[in-house]
Ligand SMILES: Nc1ncnc2c1ncn2[C@@H]1O[C@H](COP(=O)(O)OP(=O)(O)OP(=O)(O)O)[C@@H](O)[C@H]1O
Ligand SMILES: [Mg+2]
């Protein structure tokens, strides 16, 4: 095992960490505002990856360029899912909410299996290819672009949440929805928009993930697990908490791959999570 | 009629807490509702605000029925509540809390002028404007709660025990602020545990006992009434 390999894996893990944060952010936003855990989250990522694949194929455009379509399509998809499903259980007890969103997970996964079969699909049209060398290390263009886009989206969202009326109202609703309603916030409308926004974020992430990964019907599982862990670790710390947790998970996987079997990289994420629960049960940034 | 509440019956689940509650508030008037703990004062205000739905009865505001409208619609029409327990947004700064007060389109356009006025009224809030609300002292938090609802430029301001838990000096300050608002023409519906103070500054008062209105009158008359003195002033 060489030091070079270790550092190379650290670089890859860090780059991956940014997009982990972005995927988890979609979940964190919805959970933070609506207090509902979408167990179908990972499946949303998987469907958005397929959407990227098909749009890229049919329009013969690079996967990364599909984002101008996948993001708005997923925004609308989110709104429809909210109206048809989530809204019906938003005031129900947690058990019904869990049942309903696990239902979404199964529905989407089975649909993907039936419609697209098990073999993985990768992009046919690509512009973000190859890499460049920095000293002894290779930086993959697609991973670097994905990390940069993720960071930019995170920053834009941070600005929206702190500098715009809409963003302040999102945070206010997340703090106290009755108080927000008393001041004139249409809470249901807010939920609808936030769910749509969360889904648009998922789609942006998914379109870029496709530039270095393939998609198959089970892809959602990984993304779901990663996101829940990241939100649990960093969610209460707001945006920077999610970013930090995403990077930690990415780097931990990079280290794991160096020393052990890559297939165990999810297990490592869980180990990390359990350790965190032992020492900081409220998450890395828990203050509530 | 400015605010007219007629024959409200409100339940929590199977338990009825308001029984045929009726009262009125005229424009520019200050009315207080008095009652002991658990009488249903908070319930009354929450029902007017649309947080609770009555089983029967009607609420009119500026001659329009608002009975089953959602809270945000009622807020849009100019009714603002300073809720019991303040309900500030703990993770928002003082300024952000105030801006949320001006969320309605009508108030939003004038938010910077209103912000100035509010800071004049409560200079201490200006000193703390970048502080996160959860770190405010009790008195500061209460001022922020009142200031936040002023930001909505309400035509009817409802206050649920605004002096609760405040030091005497601050109680004076809060009542000064309320009197000030009244002089500027805001209509006020006040629920106060400080009965003497409430009746003293209010034009009229209603006594709520076990969910029923049992007495009404001018503030000064109620202050003199035997019943009020015995039950609420302990004289
Ligand atoms: N969420 C609730 N569920 C069930 N019962 C409730 C609920 N909220 C209030 N009650 C009951 O309704 C009655 C009226 O309560 P309310 O809060 O309106 O009283 P209040 O006059 O505001 O009292 P206080 O002066 O203590 O604030 C009380 O008996 C109370 O126990
Ligand atoms: Mg009360």
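Quick notes
- Unmet requirement for residue B:68, which otherwise passes all of (1) over 19 Å from the mean Cα position of the chain (by Cα); (2) within 15 Å of ligand 1 (Cβ to nearest atom): (2)
- Filter result (buried (at least 16 other Cβ atoms within 10 Å of the Cβ) and more than 30 Å from residue B:159 (Cβ to Cβ)) within the stretch A:159-186: A:161
- Residues being more than 8 Å from ligand 1 (Cβ to nearest atom) and in a strand (DSSP E or B) - total across the stretch B:1-17: 10
- Long-range neighbours under 7 Å by Cβ, at least six apart or interchain, first residue within 11 Å of chain A (Cβ to nearest Cβ) within the stretch B:39-57, second near ligand 1 (Cβ under 10 Å from one of its atoms) and outside any loop (DSSP other than H, G, I, E, B): B:45/B:160; B:45/B:191; B:52/B:10; B:52/B:43; B:52/B:46
- Residue among A:137, A:191 that is modelled with pLDDT under 95 and in contact with a helix residue (DSSP H, G or I) (Cβ under 6 Å, 6 or more places away or on another chain): A:137
- Qualifying residue in the stretch B:23-31 (condition: within 15 Å of ligand 1 (Cβ to nearest atom), in contact with a strand residue (DSSP E or B) (Cβ under 9 Å, 6 or more places away or on another chain) and not in a loop (DSSP other than H, G, I, E, B)): yes
- In the set B:170, B:159, B:164, only one residue is surrounded by fewer than 22 Cβ atoms within 10 Å (Cβ to Cβ) and within 16 Å of ligand 1 (Cβ to nearest atom); that residue is B:164.
- Any hit, the stretch B:158-168, residues being away from ligand 2 (no atom under 16 Å from the Cβ), part of a helix (DSSP H, G or I) and either on the phi < 0 side of the Ramachandran plot or modelled with pLDDT of 90 or more (or both): yes
- Matching residues in the stretch B:37-52 - criterion: being over 18 Å from residue B:76 (Cβ atoms) and more than 8 Å from ligand 1 (Cβ to nearest atom): B:52
- Restricting the stretch A:108-141 to residues that are in a helix (DSSP H, G or I) and in contact (Cβ under 8 Å) with a residue 12 or more places away in the chain, the residue that is farthest from residue A:83 (Cα to Cα): A:141
- Residue in the stretch B:144-153 that is within 16 Å of ligand 2 (Cβ to nearest atom), at pLDDT 90 or above and within 23 Å of residue B:124 (Cα to Cα) present: yes
- All positions within the stretch A:244-271 that are in contact (Cβ under 8 Å) with a residue 40 or more places away in the chain, more than 10 Å from residue A:13 (Cβ to Cβ) and under 19 Å from the mean Cα position of the chain (by Cα): A:244, A:245, A:246, A:266, A:269, A:270
- Filter result for residue B:216 (free of Cβ contacts under 8 Å to residues at least 60 places away in the same chain and more than 16 Å from ligand 1 (Cβ to nearest atom)): no
- Subset of the stretch B:29-53 (residues that are away from ligand 2 (no atom under 14 Å from the Cβ), crowded, with 21+ Cβ neighbours inside 10 Å and under 17 Å from residue B:9 (Cβ atoms)): B:50
- So residue B:181, is it in contact with a strand residue (DSSP E or B) (Cβ under 7 Å, 6 or more places away or on another chain), at pLDDT 85 or above and either within 13 Å of another protein chain (Cβ to nearest Cβ) or part of a helix (DSSP H, G or I) (or both): yes
- Qualifying position, being buried (at least 22 other Cβ atoms within 10 Å of the Cβ) and within 16 Å of the chain's Cα centre (by Cα), among B:2, B:61, B:23: B:61
- Residue count, the stretch B:32-50 (criterion: in contact with a helix residue (DSSP H, G or I) (Cβ under 8 Å, 6 or more places away or on another chain), closer than 23 Å to residue A:181 by Cβ and outside any strand (DSSP E or B)): 3
- Counted residues, the stretch B:80-108 - those being in a loop (DSSP other than H, G, I, E, B), within 16 Å of ligand 2 (Cβ to nearest atom) and facing chain A (nearest Cβ under 8 Å): 2
- Given (1) farther than 23 Å from residue B:29 by Cβ; (2) within 13 Å of chain A (Cβ to nearest Cβ); (3) without any contact (Cβ under 8 Å) to a residue 40 or more places away in the chain, index of the condition residue B:69 fails: (1)
- Some residue of the stretch A:169-181 being within 14 Å of another protein chain (Cβ to nearest Cβ) and touching a strand residue (DSSP E or B) at 6+ places or on another chain (Cβ under 6 Å): no
The values are calculated or read from the model by the stated rules, or taken from the named source; none is laboratory data. Note that the coordinates shown come from a computational prediction; the quantities given were computed from them, not determined experimentally. Using ideal geometry, Cβ is built from the backbone for each residue, glycine included, and neighbour counts are taken over all protein chains shown.
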